[in-house]
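The values are calculated or read from the model by the stated rules, or taken from the named source; none is laboratory data. As the structure is a computational prediction, the values presented were derived from the model and not from experiment. Don't worry about glycine lacking a Cβ; one is built from the backbone with ideal geometry, like all the others, and counts go over all protein chains shown.
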Amino acid sequence: MPDYKFTTGKGLSEAVVRTISNKKQEPKWLLDYRLKGLEVFNSKPMPQWGADLNQINFDELTYYVDPAEKKSRTWADVPKEIKATFDKLGVPEAEKKFLAGVESQYDSEMIYGSLKNAWADKGVIFCSMDEAVKLYPELVKKYMNTVIPIGDNKFSALNSAVWSGGSFVYVPKGVKLDQPLQAYFRINTSKFGQFERTLIIAEDESMVHYTEGCTAPAYTESSLHAAVVEIFVKPHARVQYTTVQNWYKNIYNLVTKRAWVETRGEMIWTDANLGSKVTMKYPSFILAGEGARGETLSIALANTDQHQDVGSKATHLAPNTKSLIVSKSVSLGGGRSSYRGLVQINKGARGSVSKVICDALILDSRSRSDTYPKNRIWENDSRLEHEATVSKVGEEQLFYLMSRGLSEDQARAMVVNGFIEPVVKKLPLEFAVEMNRLIELEMEGSVG
Amino acid sequence: MKWQVIIPSKANYHLKIAHDQGVVILAKTGKSEIVIELNREGTRALVLGLIQSTDQDDLQLKVTTVHQAPNTHAETMIYGLICDQAQAQIKGLIQIKKQAQRVTDFLTERILLLSPNARAIAEPELEIEADEVRASHAATVSSLDKTELFYLMSRGVSAAEGERLITDGFINQVLLRIDNAKIRQQVSQYVRR
């Protein structure tokens, strides 16, 4: 058990929120945000649609822990436990050295940050949200809680009240980053909720790809992860946000992610959900400027006792906006995966086009798959296409592969990997490799 | 195949199907729910919906197909023409229960918005608890295809006449699935009245 310098203890109250803010020496406006968040959180009922969240006991959670570890400067200083996490994910030793800018979150604080000097010279800011509040308060104040207002939903309100850690990214006008910015998050004490907050601002004609991977070491009691990610894509900018979520299977992962996309801007969510007990996550984009484009590519894998309730939300506000949502889900071992999505084409969004594709695989008779899309079309000069399929792995596919000498396990893993391939190939290389390994790991012993 | 024609207005229907059956739903406005339950092994259902909403119509139609028995097969086609200031919310749910193995079900929703103020909400949903299944749904919402209209007009057809030909063809895709000439005739007369 790691040693903690400071913790607020179990339970949530105004005193806890004030303590967190005080501990971080925050300005008054931020404390006000937090208190407002707490108020909204307490006033909103638990969402009764979607996954079952009634097992969460908010009084048993710890809302803030200050880890004992100091901020690391070099790779050599990174704690062994974190390196082991990288190893588990299968990132080769040689590749680690080349990982562009690694930001790891150990409990609520960033413990390791390296930003290429070249990027810093261009004016790119990549730091923890806590640092950003101190160093760039105007930017934080201008953008935070705007695309996701405090009252958006119960869990974004909770995050607004007790958030800690997360990343802040600012890319100045015209700067194009050709390598992904990376962040790894993990949770490591039982019953410790993690509430990171991420804010990405991509100025005109800039380009950035942000990636996060989540892993958590084993422990038994249920825990909660409620993050908020806000992204601003300015005219002609492009932002891609990649998540490979592999939380330990007792975690409630309830995340609000939304992007505001201006004229001819482009937002791409690549989202893989493999772990957690329950995930409810619907990365969304608001296409606010003419010709803006949004894309969500997601993979969900629901194994025993897991419910992946994931999807995407596209809101078309301006003419000639385009959205594409591709979702691939796999249910096995009694797991349940649900696609839940919304496409809204507002009046005036002339010439807008939206396409939604949901494919689901069910691997055994104990598992379940649902599709709940909603398509609201208020502009007649637009086009929406939606399609969904549910099927099982074909006997003839398995027979063919097994006649070529593969075991049933291997054959099944190969078919599943082939099924998710269209999304996996959009992930950065090391994530794609991890994905295939994680699928094989999950599929082990899934037969019989 | 036996056919049943339903003209629901603010009424709910629960059909339990034990023999192959065709169902035609002709809807315009109001809130109604139609549940089609396949209870006997080996039965087939073909569900055809034709929606014509005009003026201030506000339609909320839910069509649910429930597969309770194994080896049951269903196909649902819901085609809608939404005109004027009408709004149509069309939910099509396919439910396949755990014991209902070897099931196929396909649902198609096609909605044409024929006026700038027409609005549609399409919600095709799936709830699948069995694994030996093939189920899919597809939905499109759009205006009249401008290239099709342009083609007709380049052949000397007026815009109004062209629009009528295209929507006629749209409705025909559903009508032609009715294999009973008398029923088809009656439905055709009703929708073109």
Handout entry: Number of positions in the range A:5-18 that are closer than 13 Å to A:Ser164 by Cβ and touching a strand residue (DSSP E or B) at 6+ places or on another chain (Cβ under 9 Å)
Key = 3
Practice task
Kindly indicate the residue of the range A:343-354 that is crowded, with 19+ Cβ neighbours inside 10 Å and of a type in the set (A, V, I, L, M, F, W, C) and also farthest from A:Gly50 (Cα to Cα) among those meeting that condition.
Solution key: A:Ala349
Practice task
Can you give me the number of residues within the range B:10-22 that are of a type outside the set (Phe, Trp, Tyr) and surrounded by 12 or more Cβ atoms within 10 Å (Cβ to Cβ)?
Solution key: 8
Handout entry: Unique residue being buried (at least 19 other Cβ atoms within 10 Å of the Cβ), on the phi < 0 side of the Ramachandran plot, at pLDDT 65 or above and not in a helix (DSSP H, G or I) when the list is A:Leu12, A:Leu38
Key = A:Leu12
Fill in the blank from the handout: Scanning the range B:51-94 for residues that are among the small types (Gly, Ala, Ser) and crowded, with 24+ Cβ neighbours inside 10 Å gives B:Ser53, B:Ala74, B:Gly80, B:Ala86, B:Ala88, B:Gly92
Exercise for the section: Output the residue which, of all residues in the range B:101-125 that are more than 7 Å from every other protein chain (Cβ to nearest Cβ) and among the aliphatic types (A, V, I, L, M), is nearest to B:Gln89 (Cα to Cα). Expected result: B:Ile111
Completion exercise
The helices (runs of 4 or more DSSP H) lying entirely within the range B:126-193 that contain at least 1 residues which are exposed (fewer than 13 other Cβ atoms within 10 Å of the Cβ) and within 14 Å of another protein chain (Cβ to nearest Cβ) are B:146-154
Exercise for the section: Could you check A:Thr304 against (1) β-branched (Val, Ile, Thr); (2) assigned to a loop (DSSP other than H, G, I, E, B); (3) within 18 Å of the chain's Cα centre (by Cα) and say which number it fails? Expected result: (3)
Practice task
Tell me which residues, restricted to the range A:364-404, are facing chain B (nearest Cβ under 7 Å) and aliphatic (A, V, I, L, M).
Solution key: A:Ile377, A:Leu384, A:Ala388, A:Val390
Exercise for the section: Determine if the range B:140-158 includes at least one residue that is within 17 Å of the chain's Cα centre (by Cα) and of a type in the set (Ser, Thr, Tyr). Expected result: yes
Practice task
Please go through the range B:95-111 and pick out each residue that is crowded, with 23+ Cβ neighbours inside 10 Å and either small (Gly, Ala, Ser) or under 15 Å from B:Gly49 (Cα atoms) (or both).
Solution key: B:Ala100, B:Leu107, B:Glu109, B:Ile111
Practice task
Please indicate, with yes or no, whether at least one residue in the range A:410-418 is crowded, with 16+ Cβ neighbours inside 10 Å, touching an Asp or Glu at 6+ places or on another chain (Cβ under 6 Å) and more than 9 Å from chain B (Cβ to nearest Cβ).
Solution key: yes
Handout entry: Of the criteria (1) away from chain A (no Cβ under 14 Å); (2) touching a Gly at 6+ places or on another chain (Cβ under 8 Å), which one B:Ile90 fails
Key = (1)
Handout entry: Residues (out of contact with any Gly (no Cβ under 6 Å at 6 or more places or on another chain), at pLDDT below 90 and not in a strand (DSSP E or B)) located in the range A:191-237
Key = A:Lys191, A:Gly193, A:Phe195, A:Ala216, A:Pro217, A:Ala218, A:Tyr219, A:Thr220, A:Glu221, A:Ser222
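Residues checked against (1) modelled with pLDDT of 95 or more; (2) closer than 25 Å to A:Gln344 by Cβ; (3) not hydroxyl-bearing (Ser, Thr, Tyr):
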| site | (1), (2), (3) |
| --- | --- |
| B:Ile111 | yes, yes, yes |
| B:Glu132 | no, no, yes |
| B:Ala135 | no, no, yes |
| B:Ala139 | yes, yes, yes |
| B:Arg177 | yes, no, yes |
| B:Arg184 | yes, no, yes |
| B:Val191 | no, no, yes |
Practice task
Tally the residues that are free of Cβ contacts under 8 Å to residues at least 60 places away in the same chain and either within 20 Å of A:Trp378 (Cβ to Cβ) or touching a helix residue (DSSP H, G or I) at 6+ places or on another chain (Cβ under 9 Å) (or both), restricting the search to the range A:294-320.
Solution key: 9
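This table checks each residue for (1) surrounded by 24 or more Cβ atoms within 10 Å (Cβ to Cβ); (2) β-branched (Val, Ile, Thr).
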| site | (1), (2) |
| --- | --- |
| A:Ser223 | yes, no |
| A:Glu230 | no, no |
| A:Arg238 | no, no |
| A:Thr243 | yes, yes |
| A:Thr263 | no, yes |
| A:Ser276 | yes, no |
Practice task
With respect to A:Asn246, determine if the residue is among the polar types (S, T, N, Q), at pLDDT below 95 and farther than 23 Å from A:Ser128 by Cα.
Solution key: no
Handout entry: A:Gly333 at positive phi and touching a Pro at 6+ places or on another chain (Cβ under 7 Å)
Key = no
